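The values are calculated or read from the model by the stated rules, or taken from the named source; none is laboratory data. Here the structure is a predicted model, which is why all the values come from computation and not from measurement. Cβ coordinates were reconstructed from backbone atoms using ideal geometry, including for glycine residues, and neighbour counts include every protein chain displayed. Each accessible area value is taken on the protein alone, full model and side chains, heavy atoms only, with ligands, DNA and RNA left out. Shrake-Rupley method; radii C 1.70, N 1.55, O 1.52, S 1.80 Å.
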Amino acid sequence: QNHIKITLGNEIDLDKISHAYLFCGPRGVGKTTVARIFSKAINCTSRKDGEHEPCNECEMCEGITASKNLDIVEIDAASHTGVDNVRENIINVARIAPTVSKYRVFIVDEVHMLSTSAFNALLKIMEEPPKNVVFILCTTEVHKIPETIISRCQRFDFRRISVKGVV
């Protein structure tokens, strides 16, 4: 997914992080993995100027890798489809400043599974996002996501990776 890596790398280099990203494409192409790496890169405390890869050695990177950083919130929308879950896990948490990280990142996997009322609740917080909050929505079925949500995201279309590319 080199086209995505270059674009996200440039955003990190220029310190122009968007408030919402939409990662869409078929299963198994790295959407959630890229979301995790990106959340680590924008919060890495040892990243040098001009670099966009996380160091994977600082306390911040190690905490994110071990899923111990409370500012990185990963939600599986397939099992949390309702509006109450969006209110509890996203809206209420987003209003609180990040505890240790520069950005509080919400990775919502399988976002297309949210109910209509959950999408409406998510839309409210995405319309006026708190400072230092980043939403990364991952989906295999972008056609199920309301246009109002899509229009507020920077969209990245992931493609299948050849065996040579994986190697």
| In this structure, does SER101 turn out to be without any contact (Cβ under 8 Å) to a residue 60 or more places away in the chain and surrounded by 17 or more Cβ atoms within 10 Å (Cβ to Cβ)? | yes
| remark: Subset of region 1-47, residues over 22 Å from GLU147 (Cβ atoms) and assigned to a loop (DSSP other than H, G, I, E, B), comes to GLN1, ASP15, LYS16, ILE17, ARG27, GLY28, VAL29, GLY30, CYS44, THR45, SER46, ARG47
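Quickly run through region 58-72 and pick out the residues that are touching a residue at least 12 places away in the same chain (Cβ under 8 Å), open to solvent by 30 Å² or more (accessible area, probe 1.4 Å) and within 13 Å of SER101 (Cβ to Cβ).
GLU59, LEU70, ILE72
Hey, can you tell me all the residues within region 126-148 that are over 21 Å from LYS16 (Cβ atoms) and not polar (S, T, N, Q)? Don't jump to the end; show me each part of the working.
So the first thing to find is which residues in region 126-148 are over 21 Å from LYS16 (Cβ atoms), and the list is 138-148.
Once the filter is applied, which keeps residues that are over 21 Å from LYS16 (Cβ atoms) and not polar (S, T, N, Q), region 126-148 yields CYS138, GLU141, VAL142, HIS143, LYS144, ILE145, PRO146, GLU147.
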| query | Can you tell me which residues in region 128-144 are open to solvent by 10 Å² or more (accessible area, probe 1.4 Å) and either under 16 Å from the mean Cα position of the chain (by Cα) or closer than 16 Å to VAL73 by Cβ (or both)? | reply | PRO129, PRO130, LYS131, ASN132, THR140, VAL142
| note | Picked from region 1-19 (must be without any contact (Cβ under 8 Å) to a residue 60 or more places away in the chain and among the β-branched types (Val, Ile, Thr)), the residue most open to solvent (accessible area, probe 1.4 Å) is ILE6
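State which residue is nearest to ILE64 (Cα to Cα) when the search covers only region 20-51 and only residues that are open to solvent by 60 Å² or more (accessible area, probe 1.4 Å) and not charged (D, E, K, R).
Taking region 20-51 first, the residues open to solvent by 60 Å² or more (accessible area, probe 1.4 Å) are 27-28, 33, 36-37, 45, 47-51.
Next, only the ones that are not charged (D, E, K, R) stay: 28, 33, 37, 45, 50.
Values: GLY28: 21, THR33: 12, ILE37: 9, THR45: 12, GLY50: 22 Å.
Across region 20-51, the extreme among qualifying residues is ILE37.
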| task | Give just the number: which of (1) touching a Pro at 6+ places or on another chain (Cβ under 8 Å); (2) under 25 Å from SER151 (Cβ atoms); (3) of a type in the set (D, E, K, R); (4) surrounded by 18 or more Cβ atoms within 10 Å (Cβ to Cβ) does ARG95 not satisfy? | result | (4)
